[in-house]
Structure formats: structure tokens, C-alpha cells
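Since the structure comes first, as C-alpha cells, the remarks are kept for the end.
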Amino acid sequence: MIKNIFKKIIVYILTIEAKLVLKKYKPQIVAITGNIGKTSSKDAIYTAISSSFFVRKSEKSFNSEIGIPLTILGLPNAWNDFFLWLKNLVNGLKIILLKNHYPKWLVLEVGADRPRDIEKVSKWLKPDIVVVTHLPDVPVHVEFFKSTEEVIKEKSYLPKALKDNGILIINADDKKVLAMKEIVNDKKIFTYGFTENSDVTASNENIIYENNKPIEIAFRIDHNGNSIPVELSGVLGKQHIYPILSAFAVGISQGLNTVNIKQALVNHEPAQGRMRLIEGINGSIIIDDSYNASPTAVNEALNTLKQINTTGKKIAVLGDMMELGNHSYDEHIKAGKLVAQTADILITIGVRSKYIAQGANEEKMKKRDIFQFNDSVKAGEKLAKIIGECDVVLVKGS
């Protein structure tokens, strides 16, 4: 009880300080929302524009009612340290009262775990640019919402908060996201995706191999008659292409040259645990997608695994998908059915993922190729025994 009251007081004061900082320094704000790809898009956008502007971005997943003010103020999360919170409040006051070398741009991630999360933030945060990434049929963090439609409604508060001359940048491959054009039809709109005639379009996606092992993805980005080849080393999957597209869209909307944007992104380091390629034992390749798991992300990861050419086995190591509410059973079953069409061996970890195993078996995957565990240590021990030369192992879970 006391802890909750203290948190509310801290959030209230930090929000006031953040409002005053925005009023004083007037930075340009890029706000990113969606259900998938927010953090990756935030990082790519930051990389794309930071070579041309003085930019600050949200750290990690600072996307909540407390994380957003902390980013605006440039302060750390004090967690349960009472004295560090007091120090934060004092430092926030100093930024307001004293002259500071403050960023010209802020790249903010805006999330919603519960109803009204974005609605409350959008009452005081007025972005210059809003990027909406992806809104799948079964969103992440859906357990506290009554329906998918309620999640979409919550996300829509951010585009509505755009400044009068604001820009909406949206994923044209997602019909739910594309429909957001209707709620801000008086704003400038940029679209990105694989859909033809998007303002920023991706095409020719392919996996590059070296010594019969996947090492990177390559694709082209087209805009206004110009075509730019792009390579992303050490990663696989469309999950990495969409953030790059959003970064190009933001850069182009601010008049940056596409060649310069590509050059800025050459050294972009995609986040850990998101379809990263790692050398495994016995000459194998591990696809590390262990950061998180949602139905759409699992499907994308499995489809990528399906596309890989290898002389070895394809092994899917999948953990539970969390925060799905009453969608949990069906979505784990669906994932299992896709595994049966994709992988040679399935290893599951956790109580929910037993339904992945069930779905795979229902889709005619043999029981001898399915292994179920309650903890990752035992699963790893089993994997170490069966992994071989040129095997490709996808590891994913919440």
C-alpha cells in the first residue's frame, strides 16, 4: 500500500518535471508504439538520425508512465532505492532551473500493459512523429485487455496526440495499422513495408550463406525511384527488416538522404536475443531469439527457420508464450502445428509449451522427435546430446 502511494507520488512529480523540460527545451519527439518491434524500431531510428542530430533514446524498454519521464529527464530507474529517487527528483529540478546541453531529438518507446496507459501519457506528450509498428491478431500483453480491439484503441491514442504539423509513419503490411490513417487524415503520412507502392518499400529479401551456413540477410529498399541495397550481418528474419524500414521513413521525413541513412545504419547493432546468429557446438548454428515470445513473433521465427537451407537437422527449442490470457491454449497449439511443418525436432520448456508439443503431434510430428522439459537446464543437456554438424537450432521463449 505504502509502496504504491510512493510510486504514484514519484510518477506525478517526474511527469511534471518532464512536462516542464519539454516546454523549456522544445525537442523534436519521435514516439513509437505497436505490439511487436517497438524496441528494435526505436534503436534503428536512433541510429539512423543520430549522425545528423543530437538525439536521446529510451533505454532498454523504458516505455511506461515512469520510463517515459525518466528518458525525457535523462535519469536512471532507482527501483526500490528511496534516496536515489530523491536524488532523481533533485536532478530533474536542476535540468529545469539550470541551463543544460539538452538533446534536440527524443526517440521514445510508448507501451501499454493495461488500459489507459497510453491514453494518460498522450494527454501531455505531443509527438512530432509517431511510428506504429505492428498490431497482430493476438497482441502481446493482451491479458489485461478485454479484446484485441481494445488494445488497438489504446494504441490509437498516440497518433491522435500528434502535433498539428505532425507526421504519422505506419507499417503498410498491417491492415490494422494502416487503418490508423483514418484517425489522423489531416496529418502527413509515410508508409513502409513490403507492400508495393509503400513510401519506403523492401524487396528481394534473401539469406546469405558462407560455408553452407547462414550469415546475414540482404534486401533492397526503394523510395521515390531510388534503390538502396542493405545487408544485416549476423541476424535473420523480417523482424530485422521492418525496423530498418521505419528508420529510413523517419530519416526521409526529415529530409535526410537515403545514402546517408544507409551509411549511418552500417554499424547498427540489433538487440541481443532477437534472431541473432551464434556459432553452436559440433559445427551447428544457433538462432538466438530468446528475448521474448508472442504468437506472431514465433510464427515469423519458425517461417525463417523453414526458409533456411541446411544439410543438417532443424531443431526448434520453444518456451512458454506469456500474457496471452484466454488466447494461450489455442496459440500454443497453433505454434506446435507450424513446428511440425518446419522443424525435424521439437524441444519444449514450461507448462504452457506442452500444448506446443500437443499441436505438433496432432500435425503428425512423431513423438520420438518431441521432447518436453520443465526447465531449460535439462532441455539444454538433451540438446547438447543430439545437436550435430550443420544443424540449425531456433531458441525462443518468453
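A few comments on the model shown:
- Counting only residues that are of a type in the set (A, V, I, L, M) and over 24 Å from PRO214 (Cα atoms), segment 363-398 holds 4 of them.
- Residues of segment 346-367 that are open to solvent by 20 Å² or more (accessible area, probe 1.4 Å) and either at positive phi or not in a loop (DSSP other than H, G, I, E, B) (or both): ILE349, LYS354, TYR355, GLN358, ASN361, GLU362, LYS364, LYS367.
- Subset of segment 340-398 (residues that are of a type in the set (A, V, I, L, M) and closer than 19 Å to THR296 by Cβ): ALA340, ALA343, ILE356, ALA360, LEU394, VAL395
- Contacts under 7 angstrom Cβ, first residue in segment 161-176 being part of a loop (DSSP other than H, G, I, E, B) and at pLDDT 95 or above, partner surrounded by fewer than 19 Cβ atoms within 10 Å (Cβ to Cβ) and of a type in the set (S, T, N, Q), 6 or more apart: ALA172/THR195; ASP173/THR195
- Any hit, segment 288-309, residues being more than 24 Å from the chain's Cα centre (by Cα) and not charged (D, E, K, R): yes
- PRO136 meets each of the listed conditions (1) touching a Leu at 6+ places or on another chain (Cβ under 8 Å); (2) at pLDDT below 90 apart from (1).
- Segment 228-257, subset of a type in the set (Ser, Thr, Tyr) and at pLDDT 95 or above, residue nearest to ASP174 (Cα to Cα): TYR242
- Residue within segment 68-80 that is modelled with pLDDT under 95, surrounded by 20 or more Cβ atoms within 10 Å (Cβ to Cβ) and either among the polar types (S, T, N, Q) or not in a helix (DSSP H, G or I) (or both) present: no
- Some residue of segment 203-213 being open to solvent by less than 20 Å² (accessible area, probe 1.4 Å), modelled with pLDDT of 95 or more and of a type outside the set (D, E, K, R): no
- Answer from LYS126, LYS94 - the residue that is touching a residue at least 12 places away in the same chain (Cβ under 8 Å) and either open to solvent by 10 Å² or more (accessible area, probe 1.4 Å) or outside any loop (DSSP other than H, G, I, E, B) (or both): LYS126
- Pair list, Cβ < 6 Å and 6+ apart or interchain, from segment 38-53 residues that are modelled with pLDDT of 95 or more to residues that are of a type in the set (D, E, K, R) and surrounded by fewer than 24 Cβ atoms within 10 Å (Cβ to Cβ): LYS42/LYS57; TYR46/LYS57; PHE53/LYS104
- Any chance GLU196 is under 27 Å from LYS160 (Cα atoms), open to solvent by 50 Å² or more (accessible area, probe 1.4 Å) and not basic (Lys, Arg): yes
- Filter result (part of a helix (DSSP H, G or I) and out of contact with any Leu (no Cβ under 8 Å at 6 or more places or on another chain)) within segment 199-250: LYS238, GLN239, TYR242, PRO243, LEU245, SER246, PHE248, ALA249, VAL250
- Residue that is nearest to LEU178 (Cα to Cα), among those in segment 235-252 that are open to solvent by 20 Å² or more (accessible area, probe 1.4 Å) and not charged (D, E, K, R): TYR242
- Within segment 7-17, the presence of at least one residue that is out of contact with any helix residue (DSSP H, G or I) (no Cβ under 6 Å at 6 or more places or on another chain), in contact (Cβ under 8 Å) with a residue 40 or more places away in the chain and surrounded by fewer than 14 Cβ atoms within 10 Å (Cβ to Cβ) is confirmed.
- Segment 278-334, residues that are in a strand (DSSP E or B), open to solvent by less than 20 Å² (accessible area, probe 1.4 Å) and of a type outside the set (Val, Ile, Thr): ASP289, ALA316, LEU318, GLY319
The values are calculated or read from the model by the stated rules, or taken from the named source; none is laboratory data. Given the structure is predicted, the values throughout are model-derived calculations rather than measurements. Every residue, glycine among them, receives a Cβ derived from its backbone with ideal geometry; neighbour counts consider all protein chains shown. To get the accessible areas, we keep the full protein, side chains included, count just its heavy atoms, and leave off ligands, DNA and RNA. Shrake-Rupley method; radii C 1.70, N 1.55, O 1.52, S 1.80 Å.
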